[in-house]
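Take a look at the structure set out below.
Values quoted throughout were computed directly from the atomic coordinates according to the rules given, and no laboratory measurement underlies them. Remember, it's a predicted structure, so these values are computed and weren't measured experimentally. Cβ sites come from the backbone with ideal geometry, for glycine too, and all protein chains shown count toward neighbours.
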Amino acid sequence: MTEPLDSAQPFDPASATIAIVTFNRSGLLSRLLTSIAAMDPQPGHVVVIDNASSDDTGEVVESFRERLGTTLVYRRMETNTGGSGGFSEGMRVAHDLGSEWIWLMDDDVEVIPDGLAKMGKWAPRFQSIQGRRFDYDGSEFYWQYRLSIPFGIPIPFAPAGFDESGYREMNSGCFEGMFIHRDIVEQIGLPDPRFFIYWDDSVYGWLASRRTTAVIVNEFVLRRTREIKQWDMGVRHLNASSDAYRYYIMRNRGYMKHYFKANGAYRPVRFWLGSVLTFAKELIRLVFVERKVRGTSNLFRGIRDGRRIARDASWTPMPPLARADGQPAL
């Protein structure tokens, strides 16, 4: 496991890049870029990965080129590669720019004005950091930051509070706010675009936690700007989903199984039970959040295709990245 960075080394905001993935939500993207323009301090670069949007996303990005107090890089993908492909490309671009720190986020959040300073406060100590987020209604969002690796599912009862240390160790990840050092990216490679959506950040955060002490810190740095229908269960909640998400939730367990096996963490019976629990959770989401029963066919299609992926003997994980000096990553 990689040791924490030298605590005597101060954090330089210019060494950070914010990498945003967007798709046909130019209004939300504009709000996010406006919040970045108001940040103090600002990052060295802002990278926008456009997943082949058909709206005015390109024009919106160009309108901010002079408004941002930092360098803006725009990449338009030829096709929609999903969040997974977008974040993989965003991290690649940020790494190629020489960024020491890469801050990932979707287009449906805005940054708290001192968000980068809050993250930078922890940068000398840790190399994989997750900040906290306010939900659309201003409430404190609870993110399931612990995975049960044998089952391959989030632990819903992981403690929500923080002690005087101000952080909790995590073994998962969320691309809506992951703040990660280039050294870890070089060791574990880019996020896997084959996921398209779902489980990609959980697996990537787990891979990072195997290389360094990954933490969620008691710092509110983002605010969601898009309302999502949800079932309030007190401290926890369950968001509405979509047919596409239902499909990939089950299909991508095939990729998750591969990653667990490649890292010696696959436990067949418990992982199968985790898949059963995931399926049950999605049924609950359909009935109690979305108030419908149609959509189960997408779950079954996902199971079928996930099994096909799991049987693929030619599958290999994402490779490590070469360092800037041309040497292989550790």
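Key figures
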item: Integer Hz, Karplus 6.51/-1.76/1.60 couplings in order for segment 124-140, x for Gly and Pro; result: x, 9, 10, 10, 9, 10, 10, x, 9, 9, 7, 7, 4, 8, x, 6, 7
item: Selected from Ile309, Ile153, Ile284 as most flexible by GNM, with the chain as the system and alpha-carbon contacts under 10 Å; result: Ile284
item: Fluctuation leader among Arg294, Arg25, Arg133 - the chain, Gaussian network, Cα springs under 10 angstrom; result: Arg294
item: Of all DSSP beta bridges in segment 15-227, antiparallel share, percent nearest 5; result: 40 percent
item: Lys/Arg +1, Asp/Glu -1 at C-beta; the chain dipole; positive extreme among Gln9, Trp315, Pro193; result: Trp315
item: Distance in nm between pseudo-label sites at Phe141 and Leu277 (7 Å out along the Cβ direction from Cα); result: 2.3 nm
item: Residue (of Tyr266, Met105, Ser165) at the positive-pole extreme of the chain, dipole from beta-carbon charges; result: Tyr266
item: Positive-end residue of Leu72, Leu29, Val93, charge dipole of segment 1-150 with Cβ unit charges; result: Val93
item: Reach of Lys292 by Cα under 29 Å, taken over lysines that are not fewer than 8 positions away in the same chain; result: Lys229, Lys281
item: Simple Cβ-charge dipole of segment 15-227, Lys/Arg +1 and Asp/Glu -1, about Cα centre, in debye nearest 20; result: 460 debye
item: Kirkwood hydrodynamic radius of the chain, from inverse mean 1/r over distinct Cα pairs, in Å; result: 20.3 Å
item: Anisotropy class of segment 1-135 from Cα gyration tensor, a/c 1.5 cut; result: prolate
item: Modelled FRET efficiency - R0 51 Å, Asp12 with Arg294, Cβ distances, 0.05 increments; result: 0.50
item: Packing-based ranking, highest mean first, of 243-249, 103-109, 154-160, 68-74 given that Cβ atoms within 10 Å are counted; result: 103-109, 243-249, 68-74, 154-160
item: Contour excess over end-to-end distance, with Cα ends at Ser242 and Arg301 and 0.36 nm allotted per residue; result: 19.8 nm
item: For segment 97-144, size of Cβ-based charge dipole, Lys and Arg +1, Asp and Glu -1, in debye; result: 440 debye
item: Label-point separation, Ile155 to Ala117 (7 Å along Cα→Cβ), nm; result: 3.5 nm
item: Inter-label distance for Arg75 and Ser63, nm, one decimal - labels placed 7 Å from Cα along Cα-to-Cβ; result: 2.5 nm
item: Segment 162-227 and segment 108-147: distance between their alpha carbon centers, rounded to Å; result: 10 Å
item: MRE, 222 nm, helices only [DSSP H, n ≥ 4, -39500 (n - 2.57), over the chain, to nearest 500]; result: -10000 deg cm²/dmol
item: Highest-fluctuation residue, Glu110, Glu282, Glu59 considered, GNM on the chain with Cα pairs under 10 Å; result: Glu59
